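Q: Below is a structure I'd like to ask you about.
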Amino acid sequence: MWQLIRRVFDNYTLLLLGMVLLATFIPAVGVGEFIMTWLTRFAIGLLFFLHGARLSRQAILAGIMHWRLHSLVFGFTFIAFPLIGWLLLPVLRPLLGNELAMGMLYLCALPGTVQSAIAFTALARGNLAAAVCSASASSLIGILVTPLLVLILLDLDASGAGFSFLDTLVSISLQLLVPFLAGHLLRPWLADWIGKQRSWLSKVDQTSILLVVYTAFSASVVAGLWNDVPLERLLWLTFACAVLLAVVLFLTAWLARRFGFNKEDEITIVFCASKKSMATGVPMAQVLFSGALLGPMLLPLMIFHQIQLMACAQLAAYYAKRSEQKA
């Protein structure tokens, strides 16, 4: 039995599954949650510091100027994704009920993730500079665009959604951009050492994702992930999230190839355009929706978030092996 499992899943995927099981039975709460949250932030900060030291100035400028890539990522995140959710609504409503179906629409309106999108891009050897720029900008743009999309898709009065753009900008800058810039400024002294530590840098990528999985899934379990809906509806919701992710992964990869992007850019587009941020989605939902509606609105996001981490971990491993074979 164990040999069969090892043939289907690699070591890293088994570690991810272990994090989900650990969070399910022993979620981080109280002091543990505080420690895991800060440990995750430290790991992500270290990840960005090392990537900043590794990337050359030319690579960063090329990432910023890659407007075709950014246009495709933003277009898919804020136009194609909501459109797919809206088109699937007649199928989702009978299976999930109206509230969970609306939760799927809310999921589709959210911006992409930052940390995991960049970490997976790094793991898969994609265009990391473009991923840093695209994922960070998506998170900021979402603060303004997502409430508008929610207003359009859910027909809600979002005029009272007073999101603090400045607070979000400061938070993202402190957690991601400051370590990245610090590492880049120290690149003249660290570049040679970083170049000799590729295997260790890859372990930092993987560890940060494991911490994100455990911390995020712990929060979902504590919030009542397994208690809010009947098992049958939960299974349908899981299936719907998996289908949605599969459709998006296929379309992003197909469009990237159709528009003539190279493999590194394709990897960046796939991982930046296919993800939805729980870190942004949870606080937004608390402002946009009442207490009774909050759970159904967040449950699709919680499940989709876990599925995207699992699926993209395997996809990143596939891309990385393909890169190694061509190297």
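The values are calculated or read from the model by the stated rules, or taken from the named source; none is laboratory data. Computed from a predicted model, the values in this text were never measured in an experiment. With ideal geometry, Cβ positions are generated from the backbone for all residues, glycine too; neighbour counts draw on all protein chains shown. We work out accessible area using only protein heavy atoms, side chains counted, and drop any ligands, DNA or RNA first. Shrake-Rupley method; radii C 1.70, N 1.55, O 1.52, S 1.80 Å.
Q: With 34, 49, 25 as the choices, which residue is out of contact with any Asp or Glu (no Cβ under 7 Å at 6 or more places or on another chain), within 24 Å of residue 128 (Cβ to Cβ) and modelled with pLDDT of 80 or more? It would help to see each step written out before you state the result.
A: Details: 34 fails: within 24 Å of residue 128 (Cβ to Cβ); 25 fails: within 24 Å of residue 128 (Cβ to Cβ).
The unique qualifying residue is 49.
Q: Now, a different point. Has the range 6-21 got any residue that is modelled with pLDDT of 80 or more, of a type in the set (S, T, N, Q) and either part of a helix (DSSP H, G or I) or open to solvent by 100 Å² or more (accessible area, probe 1.4 Å) (or both)?
A: No, the range 6-21 contains no residue that is modelled with pLDDT of 80 or more, of a type in the set (S, T, N, Q) and either part of a helix (DSSP H, G or I) or open to solvent by 100 Å² or more (accessible area, probe 1.4 Å) (or both).
Q: Filtering the range 172-219 down to residues that are aromatic (Phe, Trp, Tyr) and either buried (at least 19 other Cβ atoms within 10 Å of the Cβ) or outside any helix (DSSP H, G or I) (or both), which residue is modelled with the lowest pLDDT?
A: 217
Q: Here is a further query. Given the criteria closer than 19 Å to residue 131 by Cβ, among the hydrophobic types (A, V, I, L, M, F, W, C) and either at pLDDT below 90 or not in a loop (DSSP other than H, G, I, E, B) (or both), does residue 248 qualify?
A: Working: closer than 19 Å to residue 131 by Cβ: yes; among the hydrophobic types (A, V, I, L, M, F, W, C): yes; either at pLDDT below 90 or not in a loop (DSSP other than H, G, I, E, B) (or both): yes.
So residue 248 passes the test.
Q: Something else: Take the range 238-250 and flag every residue that is among the aliphatic types (A, V, I, L, M) and crowded, with 18+ Cβ neighbours inside 10 Å. Before the answer, list the steps.
A: Within the range 238-250, the first condition is being among the aliphatic types (A, V, I, L, M), and the residues that meet it are 240, 242-249.
Of everything in the range 238-250, those that are among the aliphatic types (A, V, I, L, M) and crowded, with 18+ Cβ neighbours inside 10 Å turn out to be 240, 244, 245, 248, 249.
Q: Turning to a different aspect of this structure: Quick check on my filter: what residues within the range 251-267 are over 17 Å from residue 112 (Cβ atoms), out of contact with any Asp or Glu (no Cβ under 7 Å at 6 or more places or on another chain) and either touching a residue at least 24 places away in the same chain (Cβ under 8 Å) or assigned to a helix (DSSP H, G or I) (or both)?
A: 254, 258, 259, 261, 263, 264
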